[in-house]
1. Having 2 or more residues that are over 30 Å from ASP285 (Cβ atoms) and either among the hydrophobic types (A, V, I, L, M, F, W, C) or in contact with a Phe, Trp or Tyr (Cβ under 8 Å, 6 or more places away or on another chain) (or both) is the bar; report the helices (runs of 4 or more DSSP H) wholly within segment 50-125 that clear it.
2. Among VAL584, VAL539, VAL593, which is within 35 Å of the chain's Cα centre (by Cα) and either in the same structural domain as GLU660 (by TED's automatic domain parsing) or surrounded by 17 or more Cβ atoms within 10 Å (Cβ to Cβ) (or both)?
3. At pLDDT 90 or above, of a type outside the set (Phe, Trp, Tyr) and in a strand (DSSP E or B): which single residue out of LEU446, LEU466, LEU455 fits that description?
4. Any residue that is outside any loop (DSSP other than H, G, I, E, B), over 32 Å from the mean Cα position of the chain (by Cα) and under 30 Å from PRO547 (Cβ atoms) - is there at least one of those in segment 207-214?
5. When the residues of segment 376-389 are narrowed to those that are at pLDDT 90 or above and touching a helix residue (DSSP H, G or I) at 6+ places or on another chain (Cβ under 6 Å), which ends up farthest from VAL342 (Cα to Cα)?
6. With the condition being closer than 27 Å to GLU205 by Cα, I'd like the helices (runs of 4 or more DSSP H) fully within segment 275-363 carrying at least 1 qualifying residues.
7. Hey, among SER515, SER478, which residue is at pLDDT below 90 and of a type in the set (Ser, Thr, Tyr)?
Amino acid sequence: MTRSRPRILWVSTSPDTRGGIGSYVRTMRSTRLWRDWDVRHVTTHRNGSGISKVATFGAGLARFGAALVRRPDAVHVHTASYGSFARKAVVTWVARAARVPVVLHVHGGEFVRFHDRCPAPVQALIRATLHTADTVVALGDRWAERLADVAPRARILVVPNGVRLPENPRPTDRDPGVHVVAVGDVSDAKGTFVLLDAWAKLTAELPPGSARLTVAGAGEVDRARTAVTDLGIGDSVEVTGWIRPGAVAGLFASADVLALPSRAEGQPMAVLEAMAHGLAVVATDVGGIPDLVGADQGILVPRDDPEALTAALRVVVTDDARRTAMGEAGVAAVRERFDVDVVAGRLDALYRRVTGRVPTGIDDGAPAEPLVLTIVLDRTGFGGAEIVLLETVRHLDPTRMRARLVCLRDGGALADDFRAAGIEVEVLERNGRYDLSTLPKLVAGLRRSRTDAVLVTHHHRASLLLGRIAARLTGAASLVAVHNMDLVAQGGRCLPRTTVETLALSQALVLLSPSQGEYLHREEGVGSRPWRRTREAVVRNGITIGPAPSADDRAWARSELGLADTDEVVMIVARLYPEKAHEVLFSAIAELVPSRPRLKLVVVGDGARRPELEALTERLGISGITTFTGVRRDVRRLLPAVDVSALSSTHEAAPLVLLEAMAAAKPIVSTDCGAVRDLVTDGTDGHLVPIGDHTAMADRIGRILADPALRDAMGAAAYAHAVREHRIETTSDDLTTLVEELSADPRPREHTR
């Protein structure tokens with residue numbers, strides 16, 4: 001059903017303002033939060049003179065009042081300390097007087113100190129303001145505890161700051177020497193002058209040119225430049241003054257270390273942005289910084305301690321291996337906990353709870369339960385769809401949704417993997433097609449677990465039927481997930497006709513890509529009649545993505561496969577089944593052999609065609625350069641050995657193996673089938689060729705092998721594409737959001753929680 005987007009009113013400093021809140025607003029604007037919700041922004045502060053600040057607040061307050069007349073669903077107020085809190089307290093009380101829910105987001109690193117320095121009447125006002133908000137957002141666990149000391153009855157929720165990971169890997173052609181950067185106001189509060197003193201001590205010990213420091217920010221710039229001259233460190237220090245926000249990313253891309261020896265902080269965006277770029281962090285252990293930076297990501301020192309700061313800088317400047325490891329750990333931490341899309345999902349769930357649109361399980365102190373999703377399969381198999389399901393439920397936010405698995409027949413190949421991930425697995429031991437006990441047992445399990453939604457997949461036909469019926473009987477929402485396409489051309493179908501004819505009885509059709517939906521409409525009749533329609537939602541396949549492989553990863557993989565460093569390696573990972581059309585790739589390799597004497601082919605997978613395909617390599621004269629590995633569960637560790645990842649299938653959906661190759665920064669050459677075009681941008685991430693065209697495949701593989709620069713550029717683009725669109729955390733969040741929305745659908749349901 002179609003609904004207008006609920007409106008959220010953001011109130012903060014201008015997004016163009018220097019500092020963390022402005023950076024936060026700019027970052028969140030790029031997320032789905034601003035697409036899924038009608039977010040309007042009101043500016044109540046911007047940099048400038050005192051008069052201009054008063055004028056900005058007055059104009060902002062007037063716009064805020066006008067916006068309240070149009071009844072937003074909630075107001076999200078971003079505050080720091082001192083004057084910022086005074087302005088936002090006015091906004092908060094006006095919103096509460098208008099009976100509009102308020103989310104009060106506390107960013108300031110000195111907030112508790114600000115409270116403690118105020119006289120008792122002002123402290124009472126601060127406490128009352130925090131208490132009146134529907135939710136107070138703290139940036140980390142430490143700040144939540146301190147805010148609870150200030151306002152014991154406040155409803156406090158921890159939502160960390162978020163940052164977007166760079167799309168491209170770090171450049172390798174950077175200037176020599178270790179580059180340390182300090183980004184933020186140039187002031188005593190940010191520890192700028194303690195840093196310059198420490199730098200003078202450090203560089204006196206180092207060879208000339210081995211390290212350089214860039215201090216970027218507004219504030220006491222002239223004082224800093226004078227200090228650089230007085231300390232005699234002008235050869236290794238540049239004080240740039242303020243740089244525009246868009247240039248900060250470029251500065252981080254050229255750097256190795258962030259230094260932030262502040263006296264007070266909240267949860268500084270500069271630290272998150274630096275970690276996202278793979279920088280080691282040296283900072284003071286103040287405010288919310290310890291919630292961001294552990295021993296793996298950097299070194300924390302006491303405030304105003306130049307000796308400790310010098311020692312920490314000495315470690316990250318002189319120990320290349322440790323500095324690199326810290327940078328990699330920082331990227332991993334951002335990806336897991338601080339990625340902007342993960343944070344946006346937390347705010348999305350908060351908004352749904354505050355506005356009453358969708359019940360959520362976020363732990364804000366209220367006795368709320370996570371939603372329950374039951375996956376119903378005939379049995380688990382070691383296929384791409386089941387592996388994606390396993391990884392998706394493994395990465396669910398347990399405060400929002402938990403999953404359980406029901407296997408109708410037996411557990412199958414992955415049941416123990418689901419159990420190891422903490423997923424409840426129930427096996428019904430169905431005995432044949434006419435086992436009438438299966439449906440009652442399934443219904444009883446759904447009721448016992450208080451299931452909110454049932455997910456079934458198109459290729460498990462018994463569960464596709466019985467799972468939907470059981471969901472209907474218990475009042476749970478039912479979701480039909482489709483993991484294939486283009487089967488009509490092969491004489492089959494993805495969805496049975498009975499499923500299409502009753503699709504309106506399900507609440508959602510879960511697709512891997514837009515083109516898959518187009519196929520189902522065009523070829524299988526989905527949507528052509530009212531009873532064949534339901535909500536269609538794209539939940540893209542995702543995988544766990546780490547740093548791009550290193551030279552050591554490549555060396556290990558080549559050694560494992562018995563390959564030389566100079567070999568040109570093409571790999572295909574696919575079951576040895578007819579639809580994978582290995583003969584097309586094999587013929588392409590045979591065409592390339594005369595011009596590429598170091599060419600090697602690695603075939604990962606097994607199946608009924610193995611004897612036939614081994615014989616084919618003999619006939620084509622490529623048996624000596626071809627390795628059949630059989631099934632390998634360490635494909636991700638083997639992919640760094642590859643120069644080109646190939647796939648020659650006649651039909652696919654969104655093959656997981658291509659995502660894994662992209663996450664390994666490998667260019668793709670694939671047949672243009674199924675939803676592959678939604679994964680691979682032809683000419684950017686790799687090449688697409690017509691189905692069955694071995695000559696075109698040989699040509700595209702040859703082009704990449706002949707041009708190492710092209711190979712590396714396509715690999716980098718593939719990696720950036722995977723990071724941007726196919727992280728498993730995004731898949732899990734999208735599925736959770738879909739179930740939340742379906743659970744909020746006001747259609748009559750027998751089962752209520």
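1. Values: elements: 50-69, 83-97, 111-117.
So the answer is 50-69, 83-97.
2. Details: VAL584 fails: within 35 Å of the chain's Cα centre (by Cα); VAL593 fails: within 35 Å of the chain's Cα centre (by Cα).
Exactly one of VAL584, VAL539, VAL593 is within 35 Å of the chain's Cα centre (by Cα) and either in the same structural domain as GLU660 (by TED's automatic domain parsing) or surrounded by 17 or more Cβ atoms within 10 Å (Cβ to Cβ) (or both), namely VAL539.
3. Numbers: LEU446 fails: in a strand (DSSP E or B); LEU466 fails: in a strand (DSSP E or B).
Just one listed residue meets the conditions, LEU455.
4. Within segment 207-214, the subset outside any loop (DSSP other than H, G, I, E, B) is 211-214.
Now restrict to residues that are over 32 Å from the mean Cα position of the chain (by Cα): 211-212.
Next, from what is left, pick out any that are under 30 Å from PRO547 (Cβ atoms): 211-212.
Yes - at least one qualifying residue is present in segment 207-214.
5. To start, the set of residues in segment 376-389 that are at pLDDT 90 or above comprises 376-380, 389.
Within this subset, residues satisfying the condition of being touching a helix residue (DSSP H, G or I) at 6+ places or on another chain (Cβ under 6 Å) are 376-378, 380.
Details: VAL376: 27, LEU377: 28, ASP378: 32, THR380: 29 Å.
So, considering only residues that are at pLDDT 90 or above and touching a helix residue (DSSP H, G or I) at 6+ places or on another chain (Cβ under 6 Å), the one farthest from VAL342 (Cα to Cα) is ASP378.
6. Filter on segment 275-363 gives 306-318, 320-333.
7. The conditions single out SER515.
The rows are residues; the columns are (1) among the β-branched types (Val, Ile, Thr); (2) touching a residue at least 24 places away in the same chain (Cβ under 8 Å); (3) more than 13 Å from ILE572 (Cα to Cα); (4) assigned by TED's automatic domain parsing to the domain that holds LEU561.
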residue	(1), (2), (3), (4)
LEU599	no, yes, yes, yes
PRO611	no, no, yes, yes
ILE625	yes, yes, yes, yes
THR671	yes, yes, no, yes
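The values are calculated or read from the model by the stated rules, or taken from the named source; none is laboratory data. Nothing here was measured: the structure is a model prediction, and the numbers come from that model. Because the Cβ atoms are built from the backbone with ideal geometry, glycine has one as well, and the counts that use them run over all protein chains shown.
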